[in-house]
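Asker: One structure follows; several queries about it will come next.
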Amino acid sequence: MVRIAPSMLSADFLHLEKDVEMVNRYADIFHLDIMDGVFVPNLSYGFPIVEAIASKAEKPLDVHLMIINPEKYVERFAKAGADMISFHLNATEKPEEVLAQIRSLGCKAGLVINPDIEVESLFPYLEQADYILLMSVFAGFGGQKFIEETYGRVERLKAEIDRRGLNLPIEVDGGVSPSNAAALIAKGAEILVAGSAVFKSTDPAATIASMKA
Ligand code: DX5
Ligand code: ZN
């Protein structure tokens, strides 16, 4: 089953409740982007916003950490209301421990790579993760152009997941829109993150529906 995860980075922060209600009604997952200005050259938001969204959310919160040493903060994000927490493979010295730490907090654990990191570098960790996030742009900013090589990367990862008989959903994030959703799903993606495509749309509900169709 394909799930659509609007990225709240593109939400209207003056009217956040309105956008939270939209996701509750029409989408499947809240995607929350946490940036530290070090791992990526941008800052986003932190605990107060995550808690505020959690207080109204009726769908799971997927926290995408773009921060170095994520092990320092996963517990606080779990307490703030995260249901899923992902971090970048190259943001920590000990990915296996961080995956276990996230699971021990009762959250689903996700591992993320940017487009310049080989899909094969995830292979040692597939059994320890609950989902994999493949970036289809370089992490750090909303509104970037989708990188076409992502299709082949999803396909290669999906083949390995199936070969091992794992139940490991693939999430894709960056430049995802109704124009590439069907092709991503055909390659094996199951969670589609969309920021601008949803929030800049004149009809977010229709955009979400068309990405699932
Ligand atoms: C980028 C973030 C994305 C971003 C997606 O670093 O991880 O989640 O908000 O935004 P769009 O869909 O506009 O590319
Ligand atoms: Zn993201």
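The values are calculated or read from the model by the stated rules, or taken from the named source; none is laboratory data. Keep in mind the model is a prediction, meaning the values are calculated, not measured. Cβ: placed from backbone, ideal geometry, glycine included. Neighbour counts: every protein chain shown.
Asker: Look at residue 112 and say whether it is in contact with a strand residue (DSSP E or B) (Cβ under 8 Å, 6 or more places away or on another chain) and in a strand (DSSP E or B).
Answerer: Details: in contact with a strand residue (DSSP E or B) (Cβ under 8 Å, 6 or more places away or on another chain): yes; in a strand (DSSP E or B): yes.
Yes: the conditions hold for residue 112.
Asker: Still on this model: Which numbered condition trips up residue 194, out of (1) closer than 19 Å to residue 88 by Cα; (2) touching a Lys or Arg at 6+ places or on another chain (Cβ under 8 Å)?
Answerer: Unmet for residue 194, out of (1) closer than 19 Å to residue 88 by Cα; (2) touching a Lys or Arg at 6+ places or on another chain (Cβ under 8 Å): (2).
Asker: Next question, about the same structure. Residue by residue through the stretch 180-203, note down the ones that are away from ligand 1 (no atom under 12 Å from the Cβ), surrounded by fewer than 16 Cβ atoms within 10 Å (Cβ to Cβ) and outside any helix (DSSP H, G or I).
Answerer: 202, 203
Asker: Okay, moving on. Regarding residue 148, is this residue farther than 25 Å from residue 23 by Cα, of a type in the set (D, E, K, R), modelled with pLDDT of 95 or more and within 16 Å of ligand 1 (Cβ to nearest atom)? Don't jump to the end; show me each part of the working.
Answerer: Numbers: farther than 25 Å from residue 23 by Cα: yes; of a type in the set (D, E, K, R): yes; modelled with pLDDT of 95 or more: yes; within 16 Å of ligand 1 (Cβ to nearest atom): yes.
So residue 148 fits the description; yes.
Asker: Hey, another quick one. Can you pull out every residue in the stretch 7-49 that is of a type in the set (Asp, Glu) and crowded, with 17+ Cβ neighbours inside 10 Å? Explain how you work it out, then say what you get.
Answerer: Our first condition is that a residue be of a type in the set (Asp, Glu); within the stretch 7-49, this holds for 12, 17, 19, 21, 28, 33, 36.
Hits for the stretch 7-49 are 19, 28, 33, 36.
Asker: Can you tell me which residues in the stretch 201-211 are within 19 Å of the chain's Cα centre (by Cα) and over 10 Å from residue 178 (Cβ atoms)?
Answerer: In the first step, residues of the stretch 201-211 are kept if they are within 19 Å of the chain's Cα centre (by Cα); the result is 204, 207-209, 211.
If the condition is that a residue be within 19 Å of the chain's Cα centre (by Cα) and over 10 Å from residue 178 (Cβ atoms), then 204 is the only one that fits.
Asker: Would you confirm whether or not the stretch 146-166 contains a residue that is closer than 15 Å to residue 5 by Cβ and within 16 Å of ligand 2 (Cβ to nearest atom)?
Answerer: As a first pass, look at the stretch 146-166 and keep what is closer than 15 Å to residue 5 by Cβ: none.
For the stretch 146-166, residues closer than 15 Å to residue 5 by Cβ and within 16 Å of ligand 2 (Cβ to nearest atom): absent.
Asker: Limited to the stretch 74-112, what total is found for residues that are closer than 20 Å to residue 193 by Cβ and not hydrophobic (A, V, I, L, M, F, W, C)?
Answerer: Result for the stretch 74-112: 7.
Asker: Can you name the condition, by its number, that residue 4 falls short on among (1) more than 12 Å from ligand 2 (Cβ to nearest atom); (2) under 15 Å from the mean Cα position of the chain (by Cα); (3) surrounded by fewer than 22 Cβ atoms within 10 Å (Cβ to Cβ); (4) under 25 Å from residue 115 (Cα atoms)?
Answerer: Result: residue 4 fails condition (3) only.
Asker: Continuing with the same structure: Would you pick out the residues in the stretch 178-204 that are away from ligand 2 (no atom under 16 Å from the Cβ) and acidic (Asp, Glu)?
Answerer: Once the filter is applied, which keeps residues that are away from ligand 2 (no atom under 16 Å from the Cβ) and acidic (Asp, Glu), the stretch 178-204 yields only 203.
Asker: Among the residues of the stretch 25-57, count how many are touching a Pro at 6+ places or on another chain (Cβ under 7 Å), more than 12 Å from residue 11 (Cβ to Cβ) and more than 12 Å from ligand 1 (Cβ to nearest atom).
Answerer: So the count comes out to 1.
Asker: Still on this structure, I have one more. For the subset of the stretch 17-27 comprising residues that are without any contact (Cβ under 8 Å) to a residue 40 or more places away in the chain and of a type outside the set (Val, Ile, Thr), which member is nearest to ligand 2 (Cβ to nearest atom)? Lay out the reasoning, then the answer.
Answerer: Of all residues in the stretch 17-27, those without any contact (Cβ under 8 Å) to a residue 40 or more places away in the chain come to 17-18, 20-21, 23-24.
Now restrict to residues that are of a type outside the set (Val, Ile, Thr): 17-18, 21, 24.
Numbers: 17: 21, 18: 21, 21: 21, 24: 19 Å.
Taking the candidates together, the pick is 24.
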